[in-house]
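Novice: Below is one structure. I have some questions about it.
Every read-out reported here was derived from the displayed coordinates using simple, explicitly stated rules and does not represent laboratory data. Here the structure is a predicted model, which is why all the values come from computation and not from measurement. For neighbour counting, all protein chains shown are included, and Cβ atoms are generated from backbone atoms with ideal geometry for every residue, glycine included.
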Amino acid sequence: MTPTTPEQALAELHAGNRRFVTGVPRHPNQDAGHRAAVADGQHPFAVIVGCSDSRLAAEIIFDRGLGDLFVVRTAGHTTGPEVLGSVEYALTVLGTPLVLVLGHDSCGAVQAAKEAVTTGRTPAGHLGAVVDAVVPSLRRAAAEGVEDIDGIVDIHIAQTVEALLASSPVLAGAVAAGRCAVVGMSYQLGAGEVRTVATVPAGAPTRPPAQVEHPTPTAVG
Ligand SMILES: [Zn+2]
């Protein structure tokens, strides 16, 4: 059944990530029958605003399939007007109950911004726009005394959650009305696990509910 509340959507994502991490993915909704079933309409249960990093493929790491996730990805999950418009489309037209900001450890966009701040040189071309969008998170990290790259990534994820809410009255209104939640997670490239970094509203669940299934962990080569 497709989740219709933020709590159900989060539980689905956590359950899928657990299957992925433990090596027992089900690959749901990837068969020809489901492909045909969703051809006439989509009802994705989560919007994912994620980094473009090739190792952060949302449907794989959350073990989902066609029609499940509305994915918007930019390097460093920056949030320009087209990203905001895409999120608002999912909220207002598709009725999606959850927005997930998905960053990851060792993020190259965050590293590039750190280097730009250190050297005072912004990369040439449009890459400069990505770096400029991440720099405020670097400043905030510096103000909080955070220097390690993964600590800065956490701050950048939280900053992205706040930026989405501050820039989109449509999203803020949906959250205030209880129709939607915004959650920030950091993905570990090596382990494949997600860790919750930020949650709005603050009372939304951040951990998976009691496991219904108990898959046997398998060694990952
Ligand atoms: Zn990245």
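Novice: List the trypsin sites (Lys or Arg not before Pro) in segment 25-134 that DSSP assigns to loop (not H, G, I, E or B) and whose Cβ has at most 16 other Cβ atoms within 10 Å. Which are they?
Specialist: Those satisfying the criteria are R26, R55, R121.
Novice: Sticking with this structure for a sec: Between D132 and L94, 0.36 nm times their residue separation minus their Cα-Cα distance comes to what?
Specialist: 10.5 nm
Novice: Starting with the fewest neighbours, write out S86, S54 ranked by other beta-carbon atoms found within 10 Å of each beta-carbon.
Specialist: S54, S86
Novice: If the chain between A37 and T4 were fully stretched, how many nm would it gain, using 0.36 nm times the residue separation less the Cα-Cα distance?
Specialist: Stretched out fully, the A37 to T4 stretch lengthens by 10.0 nm.
Novice: Using Cα pairs closer than 8 Å and at least 6 residues apart in sequence, work out the relative contact order for the chain, in percent.
Specialist: Reported as a whole number, the value is 24 percent.
Novice: So how much slack lies between Q30 and E82, counting 0.36 nm per residue of separation and subtracting their Cα-Cα distance, in nm?
Specialist: 15.9 nm
Novice: Under 10 Å, Cα contacts only: if you run a Gaussian network model on the chain, which one of H43, H126, H27 comes out with the highest mean-square fluctuation?
Specialist: Result for the chain, Cα springs under 10 Å: H126 fluctuates most.
Novice: Here's a follow-up. Can you give the helix-only mean residue ellipticity at 222 nm for the chain, where every DSSP H stretch with n ≥ 4 adds -39500 (n - 2.57) and the sum goes over all residues, rounded to the nearest 500 deg cm²/dmol?
Specialist: Mean residue ellipticity at 222 nm (helix-derived): -13000 deg cm²/dmol.
Novice: Let me ask something else. So how far, in whole Å, is the C-alpha centre of segment 183-198 from the one of segment 105-128?
Specialist: Distance between centres, Cα-based: 22 Å.
Novice: Which helices, counted as full DSSP H runs in the chain, have an axial Cα extent of no less than 15 Å and a Kyte-Doolittle average of 1.0 or above?
Specialist: 127-143, 149-167
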